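Scroll down for the structure; my scribbles are underneath it.
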Amino acid sequence: MKLEHIGIAVKDIENQLRIWRDLLGFSLKMISETPEQKVRVAMLDVGGVTVELLEPTSEDSTIHKFIEKRGEGLHHLSFEVEDIKKSMEDLKNRGAILIDEIPRKGAHAAKIAFVHPRSTGGVLIELSQREERD
């Protein structure tokens, strides 16, 4: 596994870009919408690691619920894996609690699955496999 991106829940991407792009000087790679997850996503390059700003597009999105409960801030760490199903099985066999039993569609043509924070010291972990690896 390698760190793929850091996900940050935000209320307003444009407002947060004033910090991440304009103040800190990180380059914006793209902004897109992921309807399946009910989020708008901005990707910034931070010295070879991507910071993903996640803005909810609906009140029933998990990001909206997260912000309502915990406020804006760190949402998850995403790790790129070669084979998401195998990684999920390995983690489950080692005692991890998975939120997703099967991979789902994520942003940027990736298959994703989440590991419950109860298994990882309070940090939500996302496993991510790029589609072209199928």
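Bear in mind that the values in this text are calculations on the coordinates, not laboratory data. Worth saying up front: this structure is predicted, and the values here are computed from it rather than measured. Cβ: placed from backbone, ideal geometry, glycine included. Neighbour counts: every protein chain shown.
Structure summary
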{"item": "Estimated dipole of the chain in Debye, rounded to 20 [Cβ of Lys and Arg +1, of Asp and Glu -1, Cα centre]", "result": "300"}
{"item": "Beta bridges by DSSP in the range 2-133, antiparallel share as percent, to the nearest 5", "result": "80"}
{"item": "Glu59-Lys29 FRET efficiency (beta carbon distance; Förster radius 30 Å; 0.05 resolution)", "result": "0.60"}
{"item": "Label zone at Lys85, where the point sits 7 Å out along the Cα-to-Cβ direction: the range 103-125 residues whose backbone N lies under 16 Å", "result": "103-105, 111-113"}
{"item": "Separation between Cα centres of the range 1-63 and the range 65-86, rounded to whole Å", "result": "12"}
{"item": "Nearest 10 degrees, 0 to 90: helix 84-93 Cα axis against the chain principal axis", "result": "60"}
{"item": "Local net charge near Ile99, Cβ-Cβ under 11 Å (Lys/Arg +1, Asp/Glu -1)", "result": "-1"}
{"item": "Entry for Rg and Dmax of the Cα atoms in Å (calculated from the structure that is shown) out of (i) 18.3, 58; (ii) 14.6, 44; (iii) 16.3, 59", "result": "(ii)"}
